[in-house]
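*Asks:* The structure that follows is given in the form of structure tokens.
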Amino acid sequence: MFPFDVILFDIGGVLLTNGWDHHERSVVAGQLNLDRDILESRHAKAFEPWERGELTLSEYLDAVVFYEPRAFSRDEFFSSICSQSKELPSGALCILKELAASDKCRIGALNNEARETHEFRMKKFGLHDLFKYTFTSCYMGLRKPDPKIYVRALGILGDTPERALFIDDRLENVAAAAAVGMKAIQFTGETELRQQLGELAVL
């Protein structure tokens, strides 16, 4: 019998580069001649509500960038955000494709991301064709590592924690999944993940 009923992947840092993390913000700030420290400070106050779906993109941009006139438009700024997303070098996208094609268990995403960047990345990288489920913070109203997001996802799936595998690059998210009883792996690279999944009889 296959060891898991469901495998849930984080996206940023596992499959793709991060959507809008510190590095990406620094690059965009440099491109658009924004003060990095001010951008970081204002982002810190707004990003969690944005990722939980409590703010729209327009509201986030009002709070973080367009509180004063700019030489660029909102669309140009969002395009700059989107341009930072790339397939992660030595990431797990090829492993995800193999597991999705095998159809041995249900495959889903469990990630923190705002609706607009999440939907862009899902479409651009064809993730809708690979995931049967997307438990994203903007839809769930919760963010990892809050234990409730894992419990709620399992409840929706109708699975017990011990029959679920979770893969994430951040230790705090892995620890939170393990604390609710899921098998959890911290992603450090494609080679290492292949070995770990082989030991679990997944690959």
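*Asks:* For the stretch 130-157, what are the residues that are part of a helix (DSSP H, G or I), surrounded by fewer than 17 Cβ atoms within 10 Å (Cβ to Cβ) and touching a residue at least 12 places away in the same chain (Cβ under 8 Å)?
*Replies:* If the condition is that a residue be part of a helix (DSSP H, G or I), surrounded by fewer than 17 Cβ atoms within 10 Å (Cβ to Cβ) and touching a residue at least 12 places away in the same chain (Cβ under 8 Å), then Tyr139, Pro147, Val151, Arg152, Ile156 are the ones that fit.
*Asks:* Being at positive phi, touching a strand residue (DSSP E or B) at 6+ places or on another chain (Cβ under 9 Å) and of a type outside the set (Val, Ile, Thr): is that true of Gly141 here?
*Replies:* Considered against the rule, which asks whether it is at positive phi, touching a strand residue (DSSP E or B) at 6+ places or on another chain (Cβ under 9 Å) and of a type outside the set (Val, Ile, Thr), Gly141 comes out as no.
*Asks:* Tell me which residues, restricted to the stretch 43-57, are exposed (fewer than 15 other Cβ atoms within 10 Å of the Cβ) and not in a helix (DSSP H, G or I).
*Replies:* Glu54, Thr56
*Asks:* Still on this structure, please answer the following. Looking at this structure, is Arg74 in contact with a Leu (Cβ under 7 Å, 6 or more places away or on another chain), in contact (Cβ under 8 Å) with a residue 24 or more places away in the chain and either among the hydroxyl-bearing types (Ser, Thr, Tyr) or under 23 Å from Leu39 (Cβ atoms) (or both)?
*Replies:* Spelling it out, it is not the case that Arg74 is in contact with a Leu (Cβ under 7 Å, 6 or more places away or on another chain), in contact (Cβ under 8 Å) with a residue 24 or more places away in the chain and either among the hydroxyl-bearing types (Ser, Thr, Tyr) or under 23 Å from Leu39 (Cβ atoms) (or both).
*Asks:* Let me ask another. Has the stretch 186-199 got at least one residue that is surrounded by 14 or more Cβ atoms within 10 Å (Cβ to Cβ), at positive phi and in contact (Cβ under 8 Å) with a residue 12 or more places away in the chain?
*Replies:* Looking for residues that are surrounded by 14 or more Cβ atoms within 10 Å (Cβ to Cβ), at positive phi and in contact (Cβ under 8 Å) with a residue 12 or more places away in the chain, one finds at least one in the stretch 186-199, hence yes.
*Asks:* Just need a number here: residues in the stretch 10-40 that are under 22 Å from Arg170 (Cβ atoms), surrounded by fewer than 17 Cβ atoms within 10 Å (Cβ to Cβ) and among the polar types (S, T, N, Q).
*Replies:* Looking only at that region, the number is 1.
*Asks:* Right, next: So in the stretch 158-174, with the set limited to residues that are among the charged types (D, E, K, R) and either in contact with a Phe, Trp or Tyr (Cβ under 7 Å, 6 or more places away or on another chain) or touching a residue at least 24 places away in the same chain (Cβ under 8 Å) (or both), which one is surrounded by the fewest Cβ atoms within 10 Å (Cβ to Cβ)?
*Replies:* In this case the residue turns out to be Glu172.
*Asks:* Which number in (1) in a helix (DSSP H, G or I); (2) buried (at least 16 other Cβ atoms within 10 Å of the Cβ); (3) in the same structural domain as Arg194 (by TED's automatic domain parsing); (4) not hydrophobic (A, V, I, L, M, F, W, C) marks the one condition that Lys97 misses?
*Replies:* Lys97 satisfies all of (1) in a helix (DSSP H, G or I); (2) buried (at least 16 other Cβ atoms within 10 Å of the Cβ); (3) in the same structural domain as Arg194 (by TED's automatic domain parsing); (4) not hydrophobic (A, V, I, L, M, F, W, C) except (2).
The values are calculated or read from the model by the stated rules, or taken from the named source; none is laboratory data. Note that the structure is predicted; figures quoted are calculated from it, not measured. Cβ coordinates were reconstructed from backbone atoms using ideal geometry, including for glycine residues, and neighbour counts include every protein chain displayed.
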